[in-house]
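The values are calculated or read from the model by the stated rules, or taken from the named source; none is laboratory data. Everything numeric here is computed off the predicted structure, so don't read it as measured data. Every residue, glycine as well, gets a Cβ built from its backbone with ideal geometry; the counts of neighbours run over all protein chains shown. Note: areas computed on protein heavy atoms with side chains; ligands, DNA, RNA excluded. Shrake-Rupley method; radii C 1.70, N 1.55, O 1.52, S 1.80 Å.
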Amino acid sequence: MASWLFGGCQAANVPTYFDISLMLPRIDEDTSYGHLNGTVVLCLNKPLPIKELKVHTRGIQYVNWDSATPEGRHKKAAWRETTFYHQIWSFLPESNKNQKSLQPGNYEFPFSVTLHNSLPESVEGLDDCYIRYELTAGINCAWGLITRSKGLRVSKALNPLSFLEPESIERTWPEKIAYRISIPGRAYQLGAPIKIDFRYIPLRKGVHPASIKVQLVESHVVISRAGGPRPIRQTREKTIIDDFLEFDGSLGNAAVTEDADGEGWDALSYIIVPSKSIEPCVPSCNTTIINISHTLKVCIKLLNPNGAFSELTTLSPS
């Protein structure tokens, strides 16, 4: 949360407390709007003459992505930061040009911000491309400006059923193995564990998995117009999780499951935890300037009867 107080005001006349309090947002399912309600809280121990008392809601975007610059070494170009959304809530009548004096005491000024569902989601965690929202309460007094800012995170509301939809890939490697890789859901909270189930049927005697490599790969696609009127599309990837699993009894390979059709599969499962990953993870999103997606990559190494190894790779959205 970014915050600053007092501006050029005299210390003897500033509030003893000045902050923005937010309530849980209200989402109207029958409309394309959401409402964020809040209160500006002000405590005074001395009279404070003011001209304006307003709350500004801003959406700010920044795109300055250079794929040649190593991550973490980005130098911000402030002129590339633009405001794409701005809403003002005024607590004093605009027609009132005279200065008003607030007497000592505690004050609460409620306000409501309307957020349309066409607004892009917040994108945070990247220093060279982001979308941020912030609330700024400002008191314009005779000797300067007093402000208090608070950051917002705007996210799309997901259908709860999307968390329950499993993702499964079933394929056959002729004369090698038939296999099925599945995860219990398509959407996960950031840092939540992901269970991977692997079932297989050897199609040739002596063929069995020797090891499994699991990677969670994060992809960034940025669209910018920095070079002219035509949009520039740039992509990059980074590995969030990189696990290598030796195939042995401790992984559950001795378990046998049976499907509804009576077919028996050898099975094993493993749990990966993004919160313990080698790289920080940015939530998936799809906006007009950046798309962030995640892919689960599973590479299976097979041991053949002659002692040689074969590998197959499967990709699954996560």
Determine ³J(HN,Hα), in whole Hz, for all residues of the stretch 167-183 in sequence, where each value follows from phi through the Karplus function 6.51 cos²θ - 1.76 cosθ + 1.60 and θ = phi - 60°; x replaces Gly and Pro.
10, 9, 10, 10, 9, 10, 9, x, 6, 10, 7, 9, 9, 9, 10, 9, 10
Could you work out the per residue convex hull volume over the alpha carbons of the stretch 112-151, in cubic angstrom?
106
Using a cut-off of 16 Å between alpha-carbon atoms, which lysines can reach K150, once sequence neighbours fewer than 8 places away in the same chain are excluded?
K54
Over 26 Å [Cα-Cα, the stretch 38-157], rounded percent
37
How would W79, W143 line up by accessible area, probe 1.4 Å, largest first?
W79, W143
Set of lysines near K195 by C-alpha distance (under 22 Å), chain-local residues within fewer than 8 positions excluded
K213, K238, K276, K297, K301
Just how much of R153 is accessible, in Å², when a 1.4 Å probe is used and the result is rounded to the nearest 10?
120
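For R73, R180, give the ranking by accessible area with the largest first, probe 1.4 Å.
Numbers: R73 170, R180 50 Å².
Largest accessible area first, the list is R73, R180.
Can you give the net charge of the other residues whose Cβ lies under 15 Å from the Cβ of E167, counting K and R as +1 and D and E as -1? The partial results should precede the final answer.
Working: positive: R171, R180, R186, K195, R199, K297; negative: E165, E170, D197.
Net of charged neighbours comes to +3.
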Give me the 1.4 Å probe accessible area per residue for the stretch 99-175, excluding ligands and nucleic acids, in Å².
54
